Amino acid sequence: MDAGERLKHSFGATRVDEEERRRLIRETFAGVAPRYDLMNDLMSTGIHRIWKAALVRHGRPNPEDIVLDLGGGTGDIAFALAASAAHVLVADPSPQMMGQGQAREGQMREGQMRQPAPGITWVAAEAEALPFTDGSIDLVVISFAIRNATNIERALGEIARVLKPGGRFHCLEFSTPQPWLAPFYGMWSRTVIPVLGAVVSGERRAYRYLIESIRQFPDQAEFAGLIAASGMTDVSWRNLSFGIAALHSARKPWNSHSPPPPTSFAPSSSKRKSRSARMRTCEAPTSPARQFRFRSLVP
Ligand SMILES: C[S@@+](CC[C@H](N)C(=O)[O-])C[C@H]1O[C@@H](n2cnc3c(N)ncnc32)[C@H](O)[C@@H]1O
């Protein structure tokens with residue numbers, strides 16, 4: 001069975017149908033949202049911040065860029081990119097996860113944090129059905145979220161569709177570590193993470209899903225193949241922490257009216273609802289310039 005088919009029907013190690021998988025994932029993130037950021041720090045001993053910094057460095061937008069942080073959750077990446085982009089959108093199906101980010105942005109607006117509020121647009125949407133017009137986004141980033149897409153091929157197709165020709169895609173995700181590391185990593189995953197999940201967030205099942213879904217996810221080369229099959233080009237990746245995570249990058253071809261056949265890829269170094277329904281799910285952009293810009297993204 002190929003990776004796309006395998007992911008569609010698995011909630012971690014349990015076989016489920018597609019609808020059930022989507023429901024369980026929504027339930028999982030609703031449950032972990034209040035403690036999500038704290039758990040990330042504990043589980044990864046803070047290393048997720050280094051990985052995310054690598055994504056932000058790679059993805060650095062141009063000042064006129066419209067950026068989409070897909071599966072953006074509590075907004076870590078969106079906040080980091082907002083300083084250098086014209087506008088950042090977060091799209092995520094979990095109102096609870098985005099609620100945490102919106103609360104953080106509220107604190108910025110009230111001056112309770114050192115960072116000024118960037119005015120992010122929060123959109124309730126799944127990667128498989130993005131409510132944006134074709135060729136409207138300069139940069140799509142996705143961090144630790146593509147694994148949750150039930151139809152990964154459709155999600156990658158949607159990313160390719162909404163990118164402008166020449167637009168960039170960067171994906172940070174857990175991957176397959178080097179063989180010498182696998183036993184230690186396996187032990188940490190099997191023992192420490194579920195216990196932390198149970199004690200800190202009270203959500204043992206959610207953290208078992210995390211570990212099992214990482215195991216199900218395609219390795220670096222297979223995932224690069226899926227990106228290439230979506231019609232994106234210049235696909236490459238670099239391993240982070242010996243392959244525990246990987247940062248895949250690609251670009252939409254300049255002359256892409258129809259997806260070309262899969263192109264070459266290699267490691268870079270060692271490395272639709274109705275329009276009104278969609279609009280209702282979005283927080284109103286703050287400035288008139290942003291309202292204009294955002295409306296132009298919605299078909
Ligand atoms: C592990 S969190 C990552 C959040 C954030 N990007 C980060 O790096 O901290 C995964 C996110 O994927 C979202 N998600 C679940 N299913 C999705 C889908 N089909 N499309 C896009 N995002 C999805 C969840 O709601 C959740 O916010």
Original post:
Residues of the stretch 114-135 being of a type in the set (D, E, K, R) and closer than 25 Å to ALA103 by Cβ, which ones?
Top reply: ARG114, GLU126
**OP:** Just give me the residues in the stretch 48-75 being under 23 Å from PHE132 (Cβ atoms), within 12 Å of the ligand (Cβ to nearest atom) and out of contact with any strand residue (DSSP E or B) (no Cβ under 7 Å at 6 or more places or on another chain), in sequence order.
**Re:** VAL56, GLY73, THR74
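ALA103: more than 12 Å from the ligand (Cβ to nearest atom) and assigned to a helix (DSSP H, G or I), yes or no?
Answer is yes for this residue.
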Subject >> Hits in the stretch 132-156 (condition: touching a Ser or Thr at 6+ places or on another chain (Cβ under 8 Å) and within 13 Å of the ligand (Cβ to nearest atom)) >> reply: ARG147, ASN148, GLU153, LEU156
Subject >> Residue within the stretch 176-184 that is away from the ligand (no atom under 11 Å from the Cβ), of a type outside the set (A, V, I, L, M) and closer than 15 Å to PHE223 by Cβ present >> reply: yes
**OP:** Determine if the stretch 107-118 includes at least one residue that is more than 25 Å from HIS9 (Cα to Cα), modelled with pLDDT of 95 or more and of a type outside the set (Phe, Trp, Tyr).
**Re:** no
**OP:** Please go through the stretch 120-130 and pick out each residue that is more than 14 Å from THR74 (Cα to Cα) and either in contact with a Pro (Cβ under 9 Å, 6 or more places away or on another chain) or of a type in the set (A, V, I, L, M) (or both).
**Re:** ALA125, GLU126, ALA127, ALA129, LEU130
**OP:** Among the residues of the stretch 119-160, write down those that are in a loop (DSSP other than H, G, I, E, B), within 28 Å of ALA245 (Cα to Cα) and in contact with a strand residue (DSSP E or B) (Cβ under 7 Å, 6 or more places away or on another chain).
**Re:** ILE120, ALA125, ALA127, LEU130, PHE144, ALA145
**OP:** Inspect all residues belonging to the stretch 116-128 and state whether any of them is within 16 Å of the ligand (Cβ to nearest atom), within 30 Å of SER189 (Cα to Cα), hydroxyl-bearing (Ser, Thr, Tyr) and crowded, with 18+ Cβ neighbours inside 10 Å.
**Re:** no
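Here's the yes/no breakdown for (1) touching a strand residue (DSSP E or B) at 6+ places or on another chain (Cβ under 8 Å); (2) of a type in the set (S, T, N, Q); (3) modelled with pLDDT under 90:
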site: SER201; (1), (2), (3): no, yes, yes
site: ILE211; (1), (2), (3): no, no, yes
site: PHE217; (1), (2), (3): yes, no, no
site: PHE223; (1), (2), (3): yes, no, no
site: ARG238; (1), (2), (3): yes, no, no
site: LEU247; (1), (2), (3): yes, no, no
site: SER268; (1), (2), (3): yes, yes, yes
site: MET279; (1), (2), (3): no, no, yes
Subject >> Pairs, first farther than 13 Å from PHE169 by Cβ in the stretch 52-68, second polar (S, T, N, Q) and modelled with pLDDT of 95 or more, C-beta under 8 Å, six or more apart >> reply: LYS52/SER143; ILE66/SER136
Original post:
What single numbered condition from (1) on the phi > 0 side of the Ramachandran plot; (2) touching a strand residue (DSSP E or B) at 6+ places or on another chain (Cβ under 7 Å) fails to hold for MET98?
Top reply: (1)
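Residue-by-condition table, conditions (1) within 18 Å of SER230 (Cβ to Cβ); (2) of a type in the set (Asp, Glu); (3) in contact with a Leu (Cβ under 9 Å, 6 or more places away or on another chain):
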site: PHE144; (1), (2), (3): no, no, yes
site: GLU153; (1), (2), (3): yes, yes, yes
site: GLU173; (1), (2), (3): yes, yes, yes
site: ARG190; (1), (2), (3): no, no, no
site: GLY197; (1), (2), (3): no, no, yes
site: LEU210; (1), (2), (3): no, no, no
Original post:
Which of the following residues is within 22 Å of GLN216 (Cβ to Cβ) and not in a loop (DSSP other than H, G, I, E, B): MET98, MET108, MET39?
Top reply: MET39
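Let's see how each residue does on (1) buried (at least 17 other Cβ atoms within 10 Å of the Cβ); (2) within 12 Å of the ligand (Cβ to nearest atom); (3) modelled with pLDDT of 95 or more:
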site	(1), (2), (3)
ASP2	no, no, no
GLU5	no, no, no
SER10	yes, no, no
GLU18	no, yes, no
ARG21	yes, yes, no
VAL32	yes, yes, no
TYR36	yes, yes, no
GLY46	no, no, no
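The values are calculated or read from the model by the stated rules, or taken from the named source; none is laboratory data. Quick caveat, the model's predicted, so the values are computed rather than measured. So basically every Cβ, Gly included, is an ideal-geometry build from the backbone, and we count neighbours across all protein chains shown.
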